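This report concerns only the one structure given below.
The values are calculated or read from the model by the stated rules, or taken from the named source; none is laboratory data. None of the values given here were measured: they were computed from a predicted structure. Neighbour counts are summed over all protein chains in view; Cβ atoms, including those assigned to glycine, are modelled from backbone coordinates with ideal geometry.
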Amino acid sequence: MFTLTPVKLELDRVAGHFFGEFLWEDSWEGQWHRHYYGLHSEPVCWTQIGYACGYTSAFMGRQILYKETECTGMGNNNCRIVGKPIEEWPDAAEHAKYFSPESIVEQLIDLQTEVVQLRSTIGDRDQQRDDIRGVSPGFTAAFELLKQAAGSNITVLLLGETGVGKEVFARSLHDMGPRRDDPFVAVNCAAIPHDLVESELFGVEKGAFTGAQQTRPGRFERANGGTLFLDEIGDLPLAAQAKLLRVLQDGEVERLGDHKSRKINVRLVAATNAGLQNLVREGRFRSDLYYRLNAYQVRYRHCASASRTFRCWRNISWPSARPSTARNCAVSRIKPSAPYWHTCPGNIRNQNMVERGVILAPNSGQVEVNHLFLAHCDSSDQPREFNLA
């Protein structure tokens, strides 16, 4: 990467003293930057500086920061670096962040949590509930069960296939209850790596395990006072299931690496598209946790689902929820017979079919069967009829 010439080197590992000044000749990084981008106003050998800082810090057992005082990328003949303990630099605070790496996975999960929380606070809550509509007997029965449970703190288990709108109903349950002004936190248990599930749900203290660079509250603490929605709960590993059961029983949470219990007040809503009873028989889900979660079960079947995608199938006024996806179309209605040709695997998932139909239909015309369904669809998808929610 370069030819190294020591200029000055003072080190005493026992005393922790270090000062180093080195000359880098023919720096690959400086020459590469100069060749492709021209001269820069600041030093450009960032990768090489990183290697030097990391190696010397590990060797000395303390944080050593190097800076480039000359750089070929700035027009100097050679690169020159000076290194000493980070606290001896006057701008130490500005550079300290580079010595505190965080797990990329944890950062992504934190961002996911922030997005979920922001979504739960955007928009008028009453309008959100008004957007959940249905007329089928299955929908009416399920939503009535939901309304009856809204005023209590009972744990609710939502059952149904992927796409029927379980998270939409969980949010509605939260909005209808006394916790509506407190946080709604949603967690997809299937999307979190198994070795991070416990820290995400229950929190972690700094140094509890390799990579735990900072103390973080878990989702239970973030949802304190409000509702925690655990989607795909059947994917929780057994160790996390045991801790979840204890939290539900004691109303306390203990962070990883900590011996202090923290009181929490959370309304739990769980959901799954898997048969939990089968998982219990297979030894993949705790029976005691299953009975604890199954205190109040609400099951959603085909066509008993919630949707914010459209107001009505048969006389459609294209929804304001997703106008940009389907361009500004003027569609008068969906032909009454068109939707009756399709089995309903969850209305939330069928929004793509509706969008395609609106895009393909002529302006001021109506959506026909051939607009909703692809020409190569298997005939087995078409013969059955249903009454749309």
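Worth pointing out:
- Residues of the stretch 144-165 classified as closer than 21 Å to residue 264 by Cβ and in a loop (DSSP other than H, G, I, E, B), total: 5
- Hey, residue 58 crowded, with 18+ Cβ neighbours inside 10 Å and either in a helix (DSSP H, G or I) or modelled with pLDDT of 95 or more (or both) or not: no
- Single residue of 196, 201 found to be within 14 Å of the chain's Cα centre (by Cα) and farther than 24 Å from residue 156 by Cα: 196
- Within the stretch 211-263, the residues that satisfy the criterion of being over 22 Å from the mean Cα position of the chain (by Cα), farther than 13 Å from residue 198 by Cβ and not in a helix (DSSP H, G or I) are 251, 252, 259, 260, 261, 262, 263.
- Annotation: residue 85 fulfils all but one of (1) touching an Asp or Glu at 6+ places or on another chain (Cβ under 8 Å); (2) surrounded by 12 or more Cβ atoms within 10 Å (Cβ to Cβ); the unmet one is (1).
- Positions within the stretch 158-178 being modelled with pLDDT of 85 or more and at positive phi, in sequence order: none
- Count of the stretch 166-199 residues, restricted to those that are among the acidic types (Asp, Glu), over 28 Å from residue 256 (Cβ atoms) and surrounded by fewer than 18 Cβ atoms within 10 Å (Cβ to Cβ), is 1.
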